[in-house]
Amino acid sequence: MKVVLLAGGFGTRISEESQYKPKPMIEIGGKPILWHIMKEYLYYGFNEFIICAGYKQHVIKEWFADYFLHNSDITFDFTSGRNDMIIHDQHCEPWKVTVVDTGLHTMTGGRIKRIRKYVGDEPFMMTYGDGVCDVNISDLVAFHKKHGKIATLTSVILEQQKGVLSIGGDNAVKAFREKSQCDGAPINAGYMVLNPEIFDYIDGDDTVFEKEPLERLVQEGQLMSYSHRGFWQCMDTKREMDMLENLLSAGKAPWKKWED
């Protein structure tokens, strides 16, 4: 099953980094967050990726073009007047990666529509290139296959951003406590599984996948939610980037299940 990664947006809310590169290529722990997401999928045995690129798409292509070189032990032999290159050991993941320029201003649905020929007529997975999660992807796929609907998304509980107040009828504060997950509401965290019929729900480049297509699926009873109570975090801001970096540095990154 192929994995589609949305990596074409401008990343305006983290512009201090995204002015130089696409947001999915912003590094945490010395590697792009896109790499971390791909490692998550590889951990569960999925190694074929289709990357929907757009803004500064050349950065993604060049990074993968150099990846084998940067992760190999190589002898460059010029003694015979040629550039002979001998590969000794390479430490790359067994990935097959297709990077597609899906347009600079294309919406999320349009990007998915544009990679249809690379997916083929089979179910596929899709997620956003700026969020990490410790969801069990094998269980997610099994859940999707069992219910038989067109689409499954992973839902997580978004915590409240402030402390929680209990206020009485006289406007007096009766109690205060810190936020917890039980105070939040479920949100779409990505990590979707989609049947090929999903392409028929997308009109073109201007289609926002999270609006008309998902809303229509809801109306038709074709969208299911896989509830995940573990870790999920997007990287929309510098603060969130620093938080993910700190988790990695401390050896406490929940999404990192693979060995170094």
Counted residues in region 226-258 being in a loop (DSSP other than H, G, I, E, B) and not aliphatic (A, V, I, L, M) come to 13
If I ask for residues that are surrounded by 10 or more Cβ atoms within 10 Å (Cβ to Cβ) and farther than 30 Å from Asp205 by Cβ, which ones from region 89-106 would you list? Gln90, Cys92, Glu93
Could you tell me whether region 80-88 includes any residue that is over 23 Å from Ile33 (Cβ atoms), of a type in the set (S, T, N, Q) and surrounded by fewer than 12 Cβ atoms within 10 Å (Cβ to Cβ)? yes
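Could you grab me the full set of residues in region 192-203 that are surrounded by fewer than 20 Cβ atoms within 10 Å (Cβ to Cβ) and either in contact with a helix residue (DSSP H, G or I) (Cβ under 9 Å, 6 or more places away or on another chain) or aromatic (Phe, Trp, Tyr) (or both)?
Asn195, Pro196, Phe199, Asp203
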Given the criteria crowded, with 18+ Cβ neighbours inside 10 Å, out of contact with any strand residue (DSSP E or B) (no Cβ under 6 Å at 6 or more places or on another chain) and closer than 26 Å to Cys133 by Cβ, does Ile60 qualify? no
Just give me the residues in region 54-97 being hydrophobic (A, V, I, L, M, F, W, C) and within 23 Å of the chain's Cα centre (by Cα), in sequence order. Val59, Ile60, Trp63, Phe64, Ala65, Phe68, Cys92, Trp95, Val97
Mind listing whichever residues of region 209-260 are among the polar types (S, T, N, Q) and without any contact (Cβ under 8 Å) to a residue 60 or more places away in the chain? Gln219, Asn246
Name the residues in region 14-59 that are assigned to a helix (DSSP H, G or I), farther than 17 Å from Leu140 by Cβ and charged (D, E, K, R), would you? Glu16, Glu17, Lys23
Conditions (1) modelled with pLDDT of 65 or more; (2) assigned to a loop (DSSP other than H, G, I, E, B); number of the one not met by Gln161: (1)
For region 204-225 the number of residues that are surrounded by 17 or more Cβ atoms within 10 Å (Cβ to Cβ), out of contact with any strand residue (DSSP E or B) (no Cβ under 7 Å at 6 or more places or on another chain) and either on the phi > 0 side of the Ramachandran plot or not in a loop (DSSP other than H, G, I, E, B) (or both) is 1
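The values are calculated or read from the model by the stated rules, or taken from the named source; none is laboratory data. Values in this document were obtained by computation on a predicted structure and should not be read as measured data. Cβ atoms come from the backbone with ideal geometry, glycine included; neighbour counts cover every protein chain shown.
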